[in-house]
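> Take this structure, written in structure tokens, and hold onto it; I'll ask about it next.
The values are calculated or read from the model by the stated rules, or taken from the named source; none is laboratory data. Please read all numbers here as calculations on a predicted model, not as lab measurements. Quick reminder, even Gly has a Cβ in these numbers, built from the backbone with ideal geometry, and neighbours come from all protein chains shown. We work out accessible area using only protein heavy atoms, side chains counted, and drop any ligands, DNA or RNA first. Shrake-Rupley method; radii C 1.70, N 1.55, O 1.52, S 1.80 Å.
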Amino acid sequence: MAEPKPLKIQMLGGFSLSTPSARVSDGDNRSKKVWLFLAYMIYRRGQSIGVQDYIDLLWGSEDGGSNPANALKTILHRARMALEPLWPSAGHQLILRQGSSYRWNPAVPVEVDLDEFDRLCQEGDAADDEDARLTAYLAALALYQGDFLPRLSAHLWAMPICAHYHQLYLHIVTQTASLLETRHRYQEEAEVCQTALAQEPYLEELYRHLMGALIRLDRQREAAAVYEDMSKLFMSSFGVMPEESTRAVYREALSALQDPALPVDSILEHLREPEGPGGALICQYDIFRSIYHSVARSLVRSGDAVHLALFSVHNRSRGEALPRRSLDRAMDNLQEIIRTSLRRGDVAARCSVSQFILMLPQANFENSQMVCDRILRAFSRKFPHSPALPQAAIFPLEPN
């Protein structure tokens, strides 16, 4: 039986080979080495690859047994069997042996998503007309279902290829978002960014594009939620706040949430703090900064004493960093103790992965020291076996 033509091969977001009537993929219950063998051969399908190259690929410094050449023959047999569901004798037709090398049969036409993605990216980059560039980029993005060979991406051979295509994808995503924005195609811009952020959740430029598109679509509350989720992610992952340009878009979203013609009663009701647990106000660091600026300005007139306390969490075992899971648990525990140990007028925020900043109004240095000691003792009593060791530093808030 002649094979169906052409054979479609997916390497982005998965690894599969399919005809109109059959499909095989690396999600099937077969050895990872079989699929690594096939992926390497298909990626380099214009070449004959020697037996030793395959042995190095599959086993590297591992022991392939007393006879790695025979082990490779076993992998070859299993690879051919994996292709058999495509059509009768597909494995033998697709994988050819030429002396001491193996190669993919160049006579069988294939459509590889990786090749088409490359072609569309190059077409878009080379286009002088922006509409033609956008059309090519959108088609490329539709092809990109995920990173190169995700089940094999940890292999040394696949890692640089995966990184290359990931960066290429991000390049055309940001270009596409900008082109859609200038054409006021905000719904498409938002959809492109949301899809891309599932692939790359740490590219701040995409968040700005997404927030801006949502604002233009009158979905300001969603835009604000995007920023808040992003800031939590960045703080928990890297201990950093978003850039000022991103915060500016957030403020734009917030400013549009309220109708300037609201009656006074509605505004006051909106400003009123909802019922919740007592103790200190725990807020985001960005909000803490605004409160800090306001208090620093007021100190010029009032002359009140206000102190800041910085709590840092370390490992009790000196010289070793706390495992991330232990650190996160300790920070959650410390936050609750800070909240319950302070007054309602005090403010605290997490300012890095391992630090909290506290503002203590109307507290001199001695009072502030007593507050910090109380928090440290409470943590030690409640979590005596914690590997985390909080420490505190106190300094005055200088008038602005």
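> Considering amide H positions built from the backbone, and no H for Pro or chain starts, which residues 5 or more places from D304, or on another chain, come under 5 Å of its amide H?
Those lying under 5 Å, H to H, from D304: there are none.
> Do any GluC sites (Glu not before Pro) in the range 46-121 lie in a DSSP loop with no more than 10 other beta carbon atoms within 10 Å, and if so, which?
Answer in residue order: E62.
> What net charge do the residues around Q362 carry, taking every other residue with its C-beta under 14 Å from that of Q362, with Lys and Arg at +1 and Asp and Glu at -1?
-1
> For every other residue with a beta carbon closer than 13 angstrom to the beta carbon of S48, add +1 if it is Lys or Arg and -1 if Asp or Glu, then tell me the sum.
Computed value for this residue: +3.
> Relative contact order (percent) for the chain, with alpha-carbon contacts under 8 angstrom and 6 or more residues of separation?
12 percent
> Where does the longest stretch of the chain lie that holds no trypsin sites (Lys or Arg not before Pro) found in a DSSP loop with 11 or fewer other Cβ atoms within 10 Å?
1-271
> A further question on this structure: Could you name the aspartates and glutamates whose alpha carbon sits less than 20 Å from that of K232, not counting residues in the same chain fewer than 8 places away?
Qualifying aspartates and glutamates at Cα under 20 Å: E200, E204, E205, E222, E243, E244, E252, D286, D328, D332, E336.
> Could you please state how large a percent of the accessible area of the range 68-152 is carbon and sulfur, counting protein chains only and using a 1.4 Å probe?
The C+S portion of the solvent-accessible surface of the range 68-152 is 50 percent.
> Now for a separate question. In percent, what relative contact order does the range 86-221 have, based on Cα pairs under 8 Å that are 6 or more apart in sequence?
Dividing the mean separation by the residue count of the range 86-221 yields 14 percent.
> Using DSSP, restrict attention to beta bridges with both residues in the chain and report what percent are antiparallel, rounded to the nearest 5.
Around 85 percent antiparallel, to the nearest 5.
> Let me ask something additional. What is the P(r) of the chain, as percent of Cα-Cα pairs per 20 Å bin from 0?
Once binned at 20 Å, the Cα pair distances of the chain give 20, 37, 30, 12, 1.
> Accessible area per residue, 1.4 Å probe, Å², for the chain: what's the number?
Dividing the accessible area of the chain by its residue count gives 52 Å².
> Net charge around M235, counting only other residues with Cβ within less than 12 Å of its Cβ (Lys, Arg = +1; Asp, Glu = -1)?
-2
> Hey, another quick one. At a probe radius of 1.4 Å, what is the per-residue accessible area of W59, in Å² to the nearest 10?
30 Å²
> Also, I was wondering about something else. With +1 on each Lys and Arg Cβ and -1 on each Asp and Glu Cβ, how big is the dipole of the chain about its Cα centre, in debye rounded to the nearest 20?
1640 debye
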